[in-house]
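Undergrad: Just passing along the structure, written as structure tokens.
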């Protein structure tokens with residue numbers, strides 16, 4: 001009797017267990033069925049999405065594909081090839097405004113390098129492109145898309161490796177670029193932590209990863225992971241960093257490891273070439289006046305292509321096939337485009353007006369007009385005014401910030417001292433006003449010679465030719481000292497219509513002779529004065545001033 005009861009109880013529990021597992025099995029079957037149905041539905045939706053495609057934007061269709069497509073950057077492209085092609089390619093920093101072709105030029109340079117004699121780049125060398133402005137990393141090293149990271153077992157999604165207690169190395173962009181080029185756009189925006197890690201990788205040419213879950217004696221860890229922790233991930237690549245910042249904003253440690261290349265802002269003739277090239281490829285008919293108007297407002301290739309595409313869409317919507325000047329005018333108005341500032345100088349001779357030369361933050365030369373007036377007044381009204389310059393600058397150290405007079409202000413003081421010592425001009429009796437008309441705050445000592453000459457012209461009532469320009473730092477003894485960016489300055493003077501340029505003799509180089517302009521190298525300010533003005537007129541003016 002008792003045995004029957006026990007058998008009955010055992011049978012009951014067996015039925016319960018059987019029903020439980022049957023329910024679980026049925027649930028899994030239903031779950032798999034639902035997953036399959038859901039997956040099938042999503043696959044159909046994904047396939048439908050893939051069937052839909054729009055036409056490529058014009059900017060993507062006409063993206064440069066070969067060296068001939070890079071317009072307006074002949075010198076920059078040559079420098080890129082020199083740095084990247086050959087048996088010992090170098091790391092590179094490219095400076096330049098947005099839309100001037102930095103990324104496209106870097107891609108093309110790598111393709112050229114692959115076919116160069118003795119190159120270390122293989123045919124399958126990769127071009128890995130990342131943007132420093134969107135590069136995010138975890139300070140705990142959970143994720144680092146640039147350098148690489150380790151996925152420890154405790155992290156969600158560790159999978160089978162996590163269950164086995166095995167840390168998983170995750171390669172970053174530096175390893176993906178191994179054997180090729182790592183291009184970092186806007187590299188000046190890279191976080192300081194990432195920058196320091198990148199410099200270490202450039203030095204070691206490999207990435208070493210760490211994990212508290214790794215043990216060299218753990219036999220459960222696969223051989224390849226042991227190899228990575230022991231020998232590191234390979235990261236032997238060439239870095240090409242592009243930035244719109246000036247060199248002073250880039251860490252010196254990075255600059256010292258790279259060749260620095262400067263891409264020029266596109267000129268009007270370059271914009272016209274881009275418009276002509278795009279119009280020819282896409283068979284777009286555009287009137288000459290419309291073409292010229294685009295070049296007067298577009299400052300880079302992207303602007304030119306966008307203006308052209310918008311105008312073409314406007315004409316097409318109205319049933320026309322030719323872009324006219326009113327179409328471009330409408331695009332300029334709705335897009336709020338600003339006209340390019342005129343770089344041509346006023347070639348008229350004048351008193352108290354001269355063409356100085358400077359360099360913008362992107363390394364481009366510029367011609368700036370400097371004006372001066374000099375009026376003899378009483379001691380109470382006598383003063384020196386300078387407008388259009390940086391009057392004070394901050395010097396940021398590691399632990400402190402100091403302020404000092406700008407170098408432009410120091411140059412003014414040198415000019416006034418020289419006028420008193422060499423030409424006996426009592427500047428305390430005059431209202432002297434020097435004005436820079438560029439609209440850009442000017443700093444630096446290179447306008448010393450120009451300021452002296454424009455004040456000399458105003459004081460002695462002497463006419464300065466309108467087709468000359470000059471650059472050079474001026475000492476209190478009248479010596480013309482060397483300055484930076486002379487090549488860019490002389491080139492800007494040539495493009496602005498200047499016929500003669502005065503530069504420090506110490507800056508004279510053979511490369512300047514390739515520019516079709518008269519260059520006068522000088523060592524002393526008297527050489528400039530005697531070249532500009534007749535010696536007899538100077539003596540007469542001096543005697544009248546001190547009569």
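Undergrad: By how many nm would the segment from residue 154 to residue 236 lengthen if fully extended, with 0.36 nm per residue of separation less the alpha-carbon distance?
TA: Working: separation 82, 0.36 × 82 = 29.52 nm, distance 3.10 nm.
This chain segment gains 26.4 nm when fully extended.
Undergrad: What is the gain in length, in nm to one decimal, between residue 212 and residue 40 on full extension, counting 0.36 nm per residue of separation less the C-alpha to C-alpha distance?
TA: Gain in length upon complete extension: 57.7 nm.
Undergrad: What percentages, rounded to whole numbers, describe P(r) for segment 434-481 computed over all alpha carbon pairs with 5 Å bin width beginning at zero?
TA: Pair shares across the bins are 5, 18, 25, 29, 19, 5, 0.
Undergrad: Which of the three applies to segment 154-279, rounded, prolate or oblate, going by the alpha-carbon gyration tensor with a ≥ b ≥ c and a/c under 1.5 meaning rounded? If you can, show how the numbers build up before the last one.
TA: Numbers: a/c = 3.21, a/b = 2.37, b/c = 1.35.
Prolate, since a/c reaches 1.5 and a/b exceeds b/c.
Undergrad: If you don't mind, there's one more thing I want to ask. Would you please classify the overall shape of segment 42-159 from the alpha carbon gyration tensor, given that a ≥ b ≥ c denote the square roots of the eigenvalues, rounded means a/c under 1.5, and beyond that prolate means a/b larger than b/c while oblate covers the rest?
TA: Oblate is the answer for segment 42-159, as a/c is 1.5 or above yet b/c matches or exceeds a/b.
Undergrad: Please work out the ratio of the alpha-carbon Rg of segment 268-335 to 2.2 N^0.38 Å and round it to two decimals.
TA: Cα Rg divided by the expected 2.2 N^0.38 Å: 0.96.
Undergrad: Here's another thing I want to ask about it. Mind giving me the FRET efficiency for residue 288 and residue 511? R0 is 45 Å, r the Cβ-Cβ distance, nearest 0.05 is fine.
TA: Between residue 288 and residue 511 the formula returns 0.80.
Undergrad: Which length gain, in nm to one decimal place, applies between residue 60 and residue 382 when the Cα-Cα distance is subtracted from 0.36 nm times their residue separation? Don't skip to the end; give the middle numbers.
TA: Working: separation 322, 0.36 × 322 = 115.92 nm, distance 6.16 nm.
Answer, rounded to one decimal: 109.8 nm.
Undergrad: For the pair residue 296 and residue 313, how long in nm is the line joining their label points, each one 7 Å along Cα→Cβ?
TA: The modelled label-to-label distance comes out at 2.5 nm.
Undergrad: Taking 7 Å along the Cα-to-C-beta vector as the label spot, tell me the residue 114-residue 413 distance in nanometres, rounded to one decimal.
TA: Here the answer is 5.9 nm between the modelled labels.
Here, each number is a calculation from the coordinates, and none is a lab measurement. Model, not experiment: these values are computed from the prediction. Counting neighbours? That spans all protein chains shown, and the Cβs are built from the backbone with ideal geometry, glycine included.
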